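The values are calculated or read from the model by the stated rules, or taken from the named source; none is laboratory data. These numbers were taken from a predicted model, which means no experiment stands behind them. All Cβ positions, even for glycine, are placed from backbone atoms using ideal geometry, and neighbour counts span all protein chains on display.
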Amino acid sequence: MNTGGWIFMTISLALVWGTAIWAYTRLLTAPRETSDDSE
Amino acid sequence: MSGKKMEWGTRVGVILAVAGSAVGLGNFLRFPGQAAAHGGGAFMIPYICALVFLALPIGWAEWAMARHGGAKGFHSGPGILGVAGRGRLTRYLGVLAVLIPMVVYMYYVYIEAWCLRYAWEYLTGGVQLNGTITEQVAESARFFGEATGTDKDGVLNMSALFWLVVVALNIVLVYRGLKGGIEKFCQFALPAMAILATIVLIRVLTLGTPDPANPEQNVLNGLGYLWNPDFSKLTSFETWLAAAGQIFFSLSVGFGVILNYASYLKRKDDIALSGFTASATNELFEVGFGGLITITAAFVFLGVSGIGAGFGLGFQTLPVVFEQMGIAGRWIGFAWFFLLFLAAITSSISMLQPVKAFFEEALGISSGKAIALVSIICGLGSFWVIWFSKNMVALDAMDFWVGTFCIFLLATVQVICFGWIWGVDRGAAELDQGALMKIPRFFFFIMKYVAPVYLLVVLIGFIAIDLRPKLGTMQPVALWTLLIIGAVVALLVTVVAIGERRWRAAGLDLDGKQP
């Protein structure tokens, strides 16, 4: 693998892992869902 | 409207269900081949552009229109797009959102049966390839043809039995409803897929250089085969078309699934972060696993000549790869094919559900009757695919016309509905409602101006590059398949007409006239 390959792979993996971790962290630390109310 | 109210159990549940719909065979088999063929690492540039300027905005638009339509009592494409598009034209164009999951399901369950068959064979020690690598490659191809029935037409093959099992599983899961069926299953399946993918990934990345006689066939070079950039490909329109196609195919955008799944959410439920998280989950599987496993494993043992794409890579090349792994190969093979099976079934149940919901709400029938009706129609279609299995002619025809062309069409309809008829301001307000993340405002500019243009360019490019050659080379079976698709469209249009009358009689706001 050449330098370009390392760069693209590292950045791509960092992006996908980073966004997934950010998204799930935000989701799981959001205020709890309340019980149903009507529309 | 019929039946008891369906709803999701938890916030994470709907995300895992949408992610399950998106994560499928394409993440592991299609993405690596597309990336390697269209510039390697450089493919990530058009890929991320398509993600940011097409898939994410259109995905968010789907979530918003779906929740809005769901609040008015609609849970299928015709109803929801009739509301968002304010009238009959978009209501009937919404037929695409039922046609696509319905027809794709017909051939997808067949492929799902292959995955289960292979997983079973590995579990029971049934896949044994002997001799030199060349002989093993030939044997693997023979096994594939025999196991899947693609070596000849007709249904008398063992995979037909697995098809029955798979269809029954799909029906049971969808019949059990959103909370008790789809959500519960995805809450098990997605983490299981992550674990199985990690196991296979670790085995692949620790392969080193298994054959001292071919030292260039090693893990780093395998990774390099996919990731080394070839910037010259970026000047080719086909590369940008391939990236857009891959993103659509991968994220289930323009599929009719999100339109249904998100319609069961309440006004106070978040859709902004949910849509983003589902997409992020899909990308994790696609780039984080698909981008590292498949081609690397094939390269390490078979070199450049062993690299294929799609079904060939997944079902013919990889069994040869697993054979080189010794005793562990059987278990890695099982992990791989069971992973593919879980990826496939979480996608197929997401296709069955919107079709069932459509028949329920258009005809006013019970969940059980709707599932029975859908199962019969899809069963007949699937039977057609299995019968004309030689070289997958019927499957390819359905995949091209409905699984690719119609998806681009539906996405175009959706983005125009959202940006130009319902309106970006109304859409933005809907997305902000209950939002756990603030969508940057420039995305609404993208939804209104950039996405439609990008999509039209992709559609025109697709017609010019892929469609015209296809029309010139259609075999009789493919033509008959197209006719069958036409018959399904006619059926769905008729059901929409029946539904329209019922919805008006029930006083529903089917044209979106009320706020």
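The table for this structure:
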| read-out | value |
| --- | --- |
| Filter pass, B:LEU259 being closer than 29 Å to B:SER382 by Cα and either away from chain A (no Cβ under 14 Å) or at pLDDT below 90 (or both) | yes |
| Options B:TYR264, B:TYR225: the member that is touching a helix residue (DSSP H, G or I) at 6+ places or on another chain (Cβ under 7 Å), under 24 Å from B:VAL95 (Cβ atoms) and surrounded by fewer than 24 Cβ atoms within 10 Å (Cβ to Cβ) | B:TYR264 |
| Tabulated pairs, the stretch B:289-318, first within 17 Å of B:TRP114 (Cα to Cα), second at pLDDT below 85 and hydroxyl-bearing (Ser, Thr, Tyr), C-beta under 9 angstrom, 6+ apart or interchain | B:PHE311/B:THR148; B:PHE311/B:THR150; B:PHE315/B:THR148 |
| Residues that are closer than 17 Å to B:GLU139 by Cβ and either among the hydrophobic types (A, V, I, L, M, F, W, C) or over 24 Å from the mean Cα position of the chain (by Cα) (or both), drawn from the stretch B:312-336 | B:LEU313, B:PHE315, B:LEU318, B:VAL320, B:VAL321, B:PHE322, B:GLU323, B:GLN324, B:MET325, B:GLY329, B:ARG330 |
| Subset of the stretch B:199-214 (residues that are assigned to a helix (DSSP H, G or I) and either surrounded by 14 or more Cβ atoms within 10 Å (Cβ to Cβ) or of a type in the set (Phe, Trp, Tyr) (or both)) | B:ILE199, B:VAL200, B:LEU201, B:ARG203, B:VAL204, B:LEU205 |
| Candidate set: the stretch B:173-194, residues that are assigned to a helix (DSSP H, G or I), surrounded by fewer than 19 Cβ atoms within 10 Å (Cβ to Cβ) and of a type in the set (D, E, K, R); chosen: the one nearest to the chain's Cα centre (by Cα) | B:LYS184 |
| Residue among B:GLY77, B:GLY69 that is within 14 Å of chain A (Cβ to nearest Cβ), closer than 21 Å to B:GLY427 by Cα and at pLDDT 95 or above | B:GLY69 |
| Residue within the stretch B:55-66 that is farther than 18 Å from B:GLY499 by Cβ, free of Cβ contacts under 8 Å to residues at least 60 places away in the same chain and more than 14 Å from chain A (Cβ to nearest Cβ) present | no |
| Extreme residue, nearest to the other protein chains (Cβ to nearest Cβ), among residues of the stretch B:298-311 that are in a helix (DSSP H, G or I) and of a type in the set (A, V, I, L, M) | B:VAL300 |
| Residue, surrounded by the most Cβ atoms within 10 Å (Cβ to Cβ), within the stretch B:267-297, restricted to residues that are more than 8 Å from chain A (Cβ to nearest Cβ), over 30 Å from B:ALA429 (Cα atoms) and small (Gly, Ala, Ser) | B:ALA297 |
